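Notes follow the structure.
The values are calculated or read from the model by the stated rules, or taken from the named source; none is laboratory data. Values in this document were obtained by computation on a predicted structure and should not be read as measured data. Ideal geometry is used to build each Cβ from the backbone, glycine not excepted, and the neighbour counts take in all protein chains shown.
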Amino acid sequence: MKKLACNISSLLFVVIISANVYGAINEPPPGFKALFNGKDLTGWWGAGTEDPRKWMALPPDELKKKKESSLSDIAKHWKLENGELVNDGNGLYLTTEQNFRDFELLVDYKTVPKADSGIYLKGCPQVQIWDYTDKGKFSIGSDKGSGGLWNNSPGSPGKDPLVFADKPFGEWNHFRIIQLGSRTTVYLNDKLVVNNAIMENYFNKKLPIPPEGPIQLQTHGGEIRWRNIFVREIDQSEANRLLRGSDEGFVPIFNGKDFEGWAGPTDNYEVRDGSIVCKKGKGGTIYTKEEYSDFIVRLEIKLPAGGNNGLAIRYPGEGDTAYVGMCELQVLDNTSPNYAKLDPRQYHGSAYGMVAAHRGYQRPVGEWNYQEVTVVGSKIKVELNGTVILDCDLSKVNEYMNNSAHPGKNRTSGYFGFAGHNDPVMFRNISIKRLK
């Protein structure tokens, strides 16, 4: 996938919003809402560095008690002064009552020497803020400046800021953060410091960050001041467009009008509103006339309630692609009660019957999902709405659902297609980039 830096600015954010173009302090720019009203802490509670999945799973009454009990600590360490939030460097972190999925966040902050802070996204650490002059922390990156995803693995994209962008102590710094799924772009003082990097889950590196969660203002080690905290939620149409990024190297494989370039039982499908749709009660695998070896395919998917379909990967042109192709990547309404008791390897994005994908990252039924699949050798990666839900090597699979072997999993080339199962699942904006 091409990175987002140029696309965000060219598609939507024509004018970079910075602190000096706001109206009054804490007054949001058009399209944004204020998370801090400048008067009190309405909409906030206190939490520490704790896995948000755990407290979000609490029964409502227990969660209410947890939030209420945090307020005494917040009152001890946070105060309001001249329209600014001020923390003394101790205590719990201010945490939004509201959880967010895809959003743009604007935040101003001012800190002091030796302070160490950050912004938690979806309850996960963190966009780093720290003292760039602290030589004692040069070995862990403080000299590179703020704005990086400091809890990412060493050497991974986003771990360190791309450029140094901090202002001198005593001056206000301005963040602009775009979060799409797990993908994070950060501007600090109008300089791009993180470019569309996957934010890793500090609490469990084997899982993505949660699909949604709160924004937290982390503070420790010294006073930090905050103001102009604004958020704009991004809808599925905008998110999909931004996630798609540049078309460089990608070739459309569906013209939006007919099945030119496709083979198989195309009579069981129709073209509707520029999309390929499996006819209700019909099915079978339709596939491209061209074969592919290593490639990236990207597309948008809309599921009806209870919808079931699949992506045929390296399909030989006949037979059940789940077994005779390299695999079928499941396309499924994970929320349907009809599928509540499936094998984990049958849910959306899974290499059917072989490797389970992470769940919880689909958009609501009836909305378009953006999906990108990368196939290189025996490895498959599936990214759904900005979050990697499957990253596996099929050559290492030796346990199968129902002990049913998958003789095609070692195929090195084949066709790409859709494996319909009677439901009107829709696909559009389908393009492929050959890697080999």
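Points worth noting:
- Positions within region 74-117 being crowded, with 17+ Cβ neighbours inside 10 Å and charged (D, E, K, R), in sequence order: 84, 101, 102, 104, 108, 110, 116
- The condition of being modelled with pLDDT under 95 and either buried (at least 16 other Cβ atoms within 10 Å of the Cβ) or of a type in the set (D, E, K, R) (or both) holds for residue 247.
- Residue check, residue 187 in a loop (DSSP other than H, G, I, E, B), aromatic (Phe, Trp, Tyr) and in the same structural domain as residue 120 (by TED's automatic domain parsing): no
- Test for residue 284: is it under 24 Å from residue 239 (Cα atoms), at pLDDT 95 or above and either in the same structural domain as residue 404 (by TED's automatic domain parsing) or not aromatic (Phe, Trp, Tyr) (or both): no
- Residue in region 182-196 that is under 19 Å from residue 358 (Cβ atoms) and out of contact with any Gly (no Cβ under 8 Å at 6 or more places or on another chain) present: no
- Of all residues assigned to region 123-138, none qualifies as being touching a Lys or Arg at 6+ places or on another chain (Cβ under 7 Å), surrounded by fewer than 20 Cβ atoms within 10 Å (Cβ to Cβ) and outside any loop (DSSP other than H, G, I, E, B).
- Given (1) surrounded by fewer than 15 Cβ atoms within 10 Å (Cβ to Cβ); (2) free of Cβ contacts under 8 Å to residues at least 12 places away in the same chain, index of the condition residue 55 fails: (1)
- For region 389-400, the criterion of being at positive phi and either surrounded by fewer than 20 Cβ atoms within 10 Å (Cβ to Cβ) or not in a strand (DSSP E or B) (or both) is met by none of the residues.
- Cross-chain or 6+ apart pairs with Cβ under 9 Å, region 175-197 first and among the acidic types (Asp, Glu), then outside any loop (DSSP other than H, G, I, E, B): 190/174; 190/176
- Single residue of region 250-270 satisfying the filter (hydrophobic (A, V, I, L, M, F, W, C) and surrounded by fewer than 16 Cβ atoms within 10 Å (Cβ to Cβ)) that is nearest to residue 319 (Cα to Cα): 263
- When 129, 119, 140 are checked against the criterion of being in the same structural domain as residue 28 (by TED's automatic domain parsing) and in contact with a Ser or Thr (Cβ under 7 Å, 6 or more places away or on another chain), 129 stands alone in meeting it.
- In region 271-309, the qualifying residues are those that are among the acidic types (Asp, Glu) and assigned to a strand (DSSP E or B), and the one that is surrounded by the most Cβ atoms within 10 Å (Cβ to Cβ) is 300.
- Filter pass, residue 361 being in the same structural domain as residue 306 (by TED's automatic domain parsing), at pLDDT 95 or above and out of contact with any Leu (no Cβ under 6 Å at 6 or more places or on another chain): no
- Counted residues, region 368-388 - those being more than 21 Å from the chain's Cα centre (by Cα) and in a loop (DSSP other than H, G, I, E, B): 2
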